[in-house]
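The values are calculated or read from the model by the stated rules, or taken from the named source; none is laboratory data. Note that this is a predicted model, so its numbers are computed, not measured. Don't worry about glycine lacking a Cβ; one is built from the backbone with ideal geometry, like all the others, and counts go over all protein chains shown.
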Amino acid sequence: MKAHSRRYSGHRYTSSGVIAVIPPGIQAALWRMIGEKREAGEELDRLQMFELSTRKTDTGTTVQLIVQRQESPAFVDAMVVGDPKPYDGSVYVVEDENGSAMMLQEEY
């Protein structure tokens, strides 16, 4: 098994800032996006960056747009999640030897 395929498979931690402002469903979507890439065997950087923004659909429904980025190897992915309390801002997930920590950009 390659070292990068084990990334993001350990303990998960969530900062108090994320707990306070990011709805649980959106937190789960962020972890799921990382997990899907890991399960597909894609190489993951130790820093996953997520840009969250609020969008309106053609029908007027408010949704959460999530854009996932990493630097090495570079990629950008996106998904839309329906959530009654979307968030506008950046979230980072950082991996180290103790596990993975999800935090707001200002907590990094």
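Within region 47-69, none of the residues are touching a helix residue (DSSP H, G or I) at 6+ places or on another chain (Cβ under 6 Å) and among the charged types (D, E, K, R).
If you go through region 8-58 and pick out every residue that is under 16 Å from Val76 (Cα atoms) and among the basic types (Lys, Arg), you end up with 4.
Here Glu106 fulfils each of the conditions (1) touching a Ser or Thr at 6+ places or on another chain (Cβ under 9 Å); (2) assigned to a strand (DSSP E or B) apart from (2).
Residues that are polar (S, T, N, Q), modelled with pLDDT of 95 or more and surrounded by fewer than 16 Cβ atoms within 10 Å (Cβ to Cβ) within region 1-53 comprise Ser16, Ser53, listed in sequence order.
Residues that are among the hydrophobic types (A, V, I, L, M, F, W, C), in a strand (DSSP E or B), free of Cβ contacts under 8 Å to residues at least 24 places away in the same chain and out of contact with any Lys or Arg (no Cβ under 6 Å at 6 or more places or on another chain) occur in region 76-84; there is at least one.
The residue list Gln48, Gln64, Gln68 contains one member that is over 17 Å from Gln105 (Cα atoms) and in a strand (DSSP E or B), which is Gln64.
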